[in-house]
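Notes follow once the structure below has been shown.
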Amino acid sequence: MSSIALHKRLISIAAAAFAALLSTAAPVWAAAVNTGHIEAELVADRTSVAPGQVVHVALRQKIQPGWHTYWRNPGDSGQPVTLDWTLPTGWRAGAIVWPTPQRLKIGPLMDYGYTGEVLLPVAITVPASAVAGRSAVLKAHAAFLVCKDVCVPEDAMLNLDLPVTAAPGAPDPKWASAISGALAAAPTPAGLTAVVTASAASLRLGLVGPAVKGGDFSDAYFYPYDPSTIDQPSPQTVDRGPDGLTLALVPGQAFKSGKPPAMLQGVLAFGGKAYEVSAAPGAPLPGAGGLGPPRPAAGPVQLVTAIGFAFLGGLILNLMPCVFPVLSMKAAAFAGHAHRPKDARVQGLAFMGGTVAAFLALAGALIAARAAGQAVGWGFQLQSPAVVASLALVMLLVALNLSGLFEVGAGLQAAAGQAGASDPGGALGAAITGALAVAVAAPCTAPFMAPAIGYALTQGPIIALSIFAALGLGLAAPFTALAFSPRLLTLLPRPGAWMDGLRKVLAFPMYATAAWLVWVFSQQAGSLGLAGLLAGAVLTGFAGWLYGVAQRRRIEGGRSALTFGTAAAALALALAAALWPQPGVPTSAQAAAAPSAAPGELGSEPFSPTRLAELRAQGRPVFINFTAAWCVTCQVNDKIALSGRRVADAFHKAGVAYLKGDWTNRDAVIAQALAEHGRAGVPLYLMYGSKGGEAEVLPQILTESIVIDAVRKSAPDAAGA
């Protein structure tokens, strides 16, 4: 072999060895640059690259403790990090893949950025024309605004040498895992359906899809790409739905300008996950709300407090006007058993069992309805005209029974035999009485009940049912305690003729309850529905009279089968007449605004979020009354605290706008408004001041003085406080 040939052969061997060395070598890193408050460098997820390959190169920032840099939307102040690339011919750099930022609350401002160490990956595409065996130099000028108490602009010129090899290089042992983790955690599209419903003072961002169905939204937050779309420092409240969630946002200047953007875009983050969102304007999405705010963690103290509040609320419920009539039934029953301690104890336990069982049944139905996406709350059963009509007829039958038209369990009592024998039907009757007490007590919300029920409906079924069971125990506790107190029972007179008179007197509260339910039904079903229910009431009375005739014939030894059958047929006709489908009437939230009130009278407008936003934008104080025809507490408050001339004068003087949210029939808008304030039922009274801010929640039991004081605080200058 000639010397020239040998020389060429040695060169070829050296070149091959060098290429092999390049294929396993790590990139030649330039030293990290210290900009003053940041240690910055470029790092790659591969030791080398092949022609046509995509490699991820990340800008690594190691930020000094206490300082921060900024996201693509810096928030109310700041500037995002920028990268200006200088690459070999044919090489292309993609956009920065931004990790989900941190919220940086600085005084009244909300910024979005990063602290500690953060990687900003960028996809670099190697051209097919890249020559293996050479090293490519990637250059980038990085600019930062780094802030603590002051902000300092800093920059760095960063270099990275990447060997080009015939085959793709191995993952970099130091940075591949970190870069892939940053890419995996970055917000990604998830096929979400998103809609934004906008008004002058509110934005509602609804999202549904598999990625958000049943999620833990306790830390849910929306980061907008455009800082002008929302008011970033304002709180973001969440309403869960069976298929997603709805975020209540405060609109920014872009939505107030009269030319709102075509899309609301950004990142939704919750539970350690983040998704890109593009929401077009539209109506609220079904399944994106109705279940209330996220479930807070049920710590032992919170749970014990909620159970305690529920028990106290149940106790106080005994003093509410809606419960009086049914409790009068129980009082009459106790009077008959006062001197038979064993029977009294049995009835006391049965009454408690019926009460707790009814509360659990109602709570279970409520939880199931909300899980199915229905916007219902406490007292939801009385939003159904059919339920109200049925209860009215039941209360009428109870009143007729107390009046002596017929006897419930008379046959059982006769079979029991002699005087002084235990009443075998007493336990069942006591349990039914407890259930009836719950049926009519449910519309009432006593003090302590509202926070307990609101908390219960944000928890899982087991915790929620435990809280409702405590509510039932509280309602039943006074009578059950009385049943186990022989000394108190002996204070009552012995059974005698006076008991029959007491029963007949106590029938009239039941007639009043039936009349009240008929009035509630008329608000829901209109005059045609009322005609059907009144016909049903007449037939119910006729059925009760026939049943009483049958009982008397049986006692006298006569034949009664035909009369019993006729009574049952009459009762069936009564139910058919009362429940015949009738067109409903709109609630006040759906009806037209009420006419102007005369001087000295308090006029109202129907509640709607849009109207509330308009009034608040005008700087007017606003009083909101969430009420229902079936809520006795609401009606009492209306008469005692909201109908007087002093209150009307205070409203007129302060320029208070009065909005009324009527929840007599189901209304998803009102249900949502209640949920936003942690409530599941009515009454709820809110007072918004003329200078903005959150609403003041007034007590559930109102007086004129409470209302007037709230009005004066809402507009002190106008009210002359």
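The values are calculated or read from the model by the stated rules, or taken from the named source; none is laboratory data. Nothing here was measured: the structure is a model prediction, and the numbers come from that model. No Cβ is skipped: glycine too gets one built from the backbone with ideal geometry, and neighbour counts run over all protein chains shown. For accessibility, only protein heavy atoms count, side chains too; no ligands or nucleic acids. Shrake-Rupley method; radii C 1.70, N 1.55, O 1.52, S 1.80 Å.
Taking the Cβ of Arg60 as the center, what net charge do the other residues with Cβ under 9 Å away carry, scoring Lys and Arg +1 and Asp and Glu -1?
Result for the local shell: -2.
So, by mean Cβ neighbours within 10 angstrom, what's the order for 509-517, 81-89 with the highest one leading?
509-517, 81-89
Assuming R0 = 60 Å, can you tell me the calculated FRET efficiency for the pair Gln302 and Val131, based on Cβ-Cβ distance, to the nearest 0.05?
After rounding, the FRET efficiency stands at 0.35.
Enter the Cα centre distance for the pair the range 183-262 and the range 162-179, rounded to the nearest angstrom.
38
Putting +1 on Lys and Arg Cβ atoms and -1 on Asp and Glu Cβ atoms, find which of Asn665, Ile640, Gln700 reaches farthest to the positive end of the dipole of the range 624-721.
In the range 624-721, that residue is Ile640.
DSSP loop (so not H, G, I, E, B), at most 14 other Cβ within 10 Å: list which trypsin sites (Lys or Arg not before Pro) in the range 100-194 pass both filters.
Arg134, Lys148, Lys174
Sort Val505, Val549 by accessible area with a 1.4 Å probe, largest first.
Val505, Val549
Would you kindly find the accessible area of His652, with a 1.4 Å probe and non-protein molecules such as ligands, DNA and RNA excluded, rounding to the nearest 10 Å²?
Counting only protein heavy atoms, the figure is 110 Å².
Run the reach check for Lys342 against lysines, Cα to Cα strictly under 20 Å, same-chain hits fewer than 8 apart removed. What comes back?
Straight-distance partners of Lys342: Lys330.
Order of 117-130, 616-629 by packing, highest average Cβ count within 10 Å first?
616-629, 117-130
First compute the accessible area of the range 129-235 with a 1.4 Å probe, then give the percent of it belonging to carbon and sulfur atoms.
Accessible surface attributable to carbon and sulfur in the range 129-235 totals 58 percent.
Can you flag which of Lys259/Lys653; Lys259/Lys660; Lys139/Lys174; Lys62/Lys273; Lys62/Lys105 are past 25 Å Cα-Cα?
Violating the 25 Å limit, Cα to Cα: Lys259/Lys653; Lys259/Lys660.
Over the Cα atoms of the range 595-687, what radius of gyration and what Dmax do you get, in Å?
For the range 595-687, the Cα radius of gyration and maximum Cα-Cα distance read 13.1, 35 Å.
Quick check for me: using +1 on Lys/Arg Cβ and -1 on Asp/Glu Cβ, what's the dipole size of the range 97-254 about its Cα centre, in debye to the nearest 20?
Here the range 97-254 has a charge dipole of around 240 debye.
Determine ³J(HN,Hα), in whole Hz, for all residues of the range 511-525 in sequence, where each value follows from phi through the Karplus function 6.51 cos²θ - 1.76 cosθ + 1.60 and θ = phi - 60°; x replaces Gly and Pro.
Per-residue couplings from phi come out as 4, 5, 5, 4, 5, 4, 5, 5, 5, 4, 4, 5, 6, 8, 10 Hz.
Could you tell me which residue out of Val137, Leu119, Ala170 lies farthest along the dipole of the range 17-175 toward its positive end? Charges go on the beta carbon: Lys and Arg +1, Asp and Glu -1, centred on the Cα centre.
Ala170
Considering only protein heavy atoms, what is the solvent-accessible area of Ser604 at a probe of 1.4 Å, reported in Å² to the nearest 10?
30
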